[in-house]
1. Could you check the stretch 360-376 and list, in sequence order, the residues that are modelled with pLDDT under 95 and surrounded by 12 or more Cβ atoms within 10 Å (Cβ to Cβ)?
2. Consider residue 68 carefully, then state whether it is over 18 Å from residue 165 (Cβ atoms) and not assigned by TED's automatic domain parsing to the domain that holds residue 162.
3. Anything in the stretch 362-396 that is within 25 Å of the chain's Cα centre (by Cα), touching a residue at least 60 places away in the same chain (Cβ under 8 Å) and within 18 Å of residue 241 (Cβ to Cβ)? List them, or say none.
4. If you go through the stretch 318-335, how many residues are more than 16 Å from residue 391 (Cα to Cα) and assigned to a helix (DSSP H, G or I)?
5. Can you find even one residue in the stretch 354-361 that is free of Cβ contacts under 8 Å to residues at least 12 places away in the same chain, over 27 Å from residue 74 (Cβ atoms), part of a helix (DSSP H, G or I) and in the same structural domain as residue 249 (by TED's automatic domain parsing)?
């Protein structure tokens, strides 16, 4: 695979976060133009990802002190929402690195921080090899980091490694010789790593969320990373905030296509008393309904982002306090609930503006529902209701997991 196919491109000088958001809005249109065809053909967006990396959007959260734009979580959520509105597959492929950036900033040594942030700013992507199948619970780890005569070696299989085929590095979780959870960042082309393009979900079909096989993969001491398991901080809520922004982006993508559909394919009944479909009161109602749901979810995302930023600022200043981290988690959970409902409703209601003609396979509009249904299952929304209700009624904090 060529360098261009891999998506490694020269990175322009670090821009301020406002410039990154402008780049995301500029890219949104080009992403949307090809999103339907890529989904239909299951064609991975290598060129699109190269453009995103060239713009530095994957490195938005790298601090100014490390040469980055230092985007807030509010600005980062807006960037993700804009990209998802163009193509939620591209936006989801960035989610792991945004979460990993926070871990590096919190836990890496100064040398590791310089190394990994430097690589990100050079246009490289770090993605995850975390999830596994089997085990009784989400997050169970069977992958091992074994001590051998030739140094430490990774052995195991990871699934749903989102963005792996666009990345230069993998963030891998494992159990060390003592049974303790640990992690490492290793080059994706290292001997013993096999990345498969076998993601077969009905939606989010081009996120490159395939299988990663690790066979005696060497890990240097400098590549080992602490694993912040069991710690309450803003890392959990910020990672989930990105997922919520993707869901809202899907709702807006459905709205954009609903508007186009009303103009290009809409017909009305004689009994309506109007001419063009864009004057039909029920078409207007459908568009208004989708818009209100999407805008409402976006407003909750922005509100949640302010809580996440407050928690992040406190964490990096003095370690923060549980109350701030809990507030961020609850706010993101509330946004998740509304974003899920908005994405699913928008992707179903868009058909009301053109009825049967909107189901033409050449339009591929069902991708919005498939994307929404697939991505919103990333974590069970029923538990969000539970955690929010338990906190408000009983004052209990949500559990410390990657899902809340």
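The values are calculated or read from the model by the stated rules, or taken from the named source; none is laboratory data. Keep in mind the model is a prediction, meaning the values are calculated, not measured. Here the Cβ positions follow ideal geometry from the backbone for every residue, glycine too, while neighbour counts run over all protein chains shown.
1. Start the filter on the stretch 360-376 by keeping residues that are modelled with pLDDT under 95, which leaves 360-363.
Residue satisfying the conditions is 363 alone.
2. Working: over 18 Å from residue 165 (Cβ atoms): yes; not assigned by TED's automatic domain parsing to the domain that holds residue 162: yes.
So residue 68 fits the description; yes.
3. Listed by number, the residues that qualify are 372, 375, 376, 378, 379.
4. Of all residues in the stretch 318-335, those more than 16 Å from residue 391 (Cα to Cα) come to 318-321.
With the extra rule that they be assigned to a helix (DSSP H, G or I), the set shrinks to 318.
Within the stretch 318-335, residues that are more than 16 Å from residue 391 (Cα to Cα) and assigned to a helix (DSSP H, G or I) number 1.
5. Checked the stretch 354-361: at least one residue is free of Cβ contacts under 8 Å to residues at least 12 places away in the same chain, over 27 Å from residue 74 (Cβ atoms), part of a helix (DSSP H, G or I) and in the same structural domain as residue 249 (by TED's automatic domain parsing).
Table: residues versus (1) outside any loop (DSSP other than H, G, I, E, B); (2) within 20 Å of residue 94 (Cβ to Cβ).
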| position | (1), (2) |
| --- | --- |
| 218 | yes, no |
| 232 | no, no |
| 236 | yes, yes |
| 252 | yes, yes |
| 257 | yes, no |
| 267 | no, no |
| 283 | yes, no |
| 286 | yes, no |
